[in-house]
1. So if I check each of Arg179, Arg203, Arg183, which one is of a type in the set (Lys, Arg), surrounded by 11 or more Cβ atoms within 10 Å (Cβ to Cβ) and either modelled with pLDDT of 95 or more or not assigned by TED's automatic domain parsing to the domain that holds Arg81 (or both)?
2. Could you say whether any residue in region 62-80 is acidic (Asp, Glu) and modelled with pLDDT under 55?
3. Give me a count of the residues in region 77-105 that are among the charged types (D, E, K, R) and at positive phi.
4. Could you go through region 98-113 and let me know if any residue there is in contact (Cβ under 8 Å) with a residue 60 or more places away in the chain and surrounded by fewer than 16 Cβ atoms within 10 Å (Cβ to Cβ).
Amino acid sequence: MKRILISVLISLGVVALWRGPAEILATGTQAFEAVVAVTDARGAQATAAALPAERPMAFSAVKQTGGDDPHAYGIVIEVFRHDGVWTGFMSEYVGPVADPPSARLDDLRVDEGTRQVTFAAVVPIGVTMPAGTNTWVPALSRYDFSGTIAADRVAGVLVKWSADNPSATPTREDVVLTRDLSRVGDLAYDAWIAIWRARLRDRHSRSEPGPPPGKRGSLGAAGDH
């Protein structure tokens with residue numbers, strides 16, 4: 001910034017020697033506008049680069065119904081930049097307001113310069129009985145996301161299809177997930193990752209393959225619909 005101002009003053013001095021006061025005024029105005037433009041651009045770049053680090057961020061598109069029997073539907077992701085590496089998890093609410101199906105984000109890539117973000121996830125939602133078997137297993141939904149990330153939102157295209165039936169027609173949805181400060185505290189990385197590991201481990205232990213419900217009862221939380 002200092003170098004820019006010095007260059008402007010030198011230019012004005014040259015104009016003063018060879019031109020009149022009107023030229024000085026015009027040149028000074030143009031130079032001032034140029035300084036403002038450069039300052040604004042640099043300020044915008046600094047703002048764009050200011051994604052929080054060393055703290056979790058949650059972005060949610062979850063909608064919850066009211067009444068005596070509330071339900072919740074929608075996607076939420078949590079991401080954490082630790083030592084320059086991004087880690088994240090995704091949940092999809094499919095009715096129950098607690099303990100949603102969740103999974104770690106695979107191939108999470110964040111370009112902090114362009115704000116482009118991509119990830120994939122395979123989330124166990126509900127149960128299915130593979131052909132030729134008599135056993136219920138978790139039904140897997142595959143997600144691929146491509147979009148942008150900012151400090152207050154994640155927006156882009158979410159593609160979803162059945163991981164158990166790759167030939168099924170995928171669905172595409174434009175999504176906007178807004179920052180949700182209520183979902184995460186000011187946790188250190190080790191504490192945050194420990195919570196997620198326990199959450200996935202507990203849910204997995206209740207989603208183990210088993211016989212049909214007629215033989216052993218329901219599968220509890222694994223049978224979300």
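1. Values: Arg203 fails: either modelled with pLDDT of 95 or more or not assigned by TED's automatic domain parsing to the domain that holds Arg81 (or both); Arg183 fails: either modelled with pLDDT of 95 or more or not assigned by TED's automatic domain parsing to the domain that holds Arg81 (or both).
Going through Arg179, Arg203, Arg183 in turn, the sole match is Arg179.
2. Let us first name the residues in region 62-80 that are acidic (Asp, Glu), namely 68-69, 78.
Retained after the next criterion (residues that are modelled with pLDDT under 55): none.
The answer is no, given that none of the residues of region 62-80 is acidic (Asp, Glu) and modelled with pLDDT under 55.
3. 2
4. Yes, some residue in region 98-113 is in contact (Cβ under 8 Å) with a residue 60 or more places away in the chain and surrounded by fewer than 16 Cβ atoms within 10 Å (Cβ to Cβ).
Let's see how each residue does on (1) in a strand (DSSP E or B); (2) within 18 Å of Trp86 (Cα to Cα); (3) without any contact (Cβ under 8 Å) to a residue 24 or more places away in the chain:
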site: Val123; (1), (2), (3): yes, no, no
site: Val127; (1), (2), (3): yes, no, no
site: Ala131; (1), (2), (3): no, no, yes
site: Val154; (1), (2), (3): yes, yes, no
site: Val157; (1), (2), (3): yes, no, yes
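The values are calculated or read from the model by the stated rules, or taken from the named source; none is laboratory data. Every value quoted in this text rests on a predicted model; they were computed, and no experiment measured them. Note: ideal-geometry Cβ built from the backbone for every residue, glycine included; neighbour counts use all protein chains shown.
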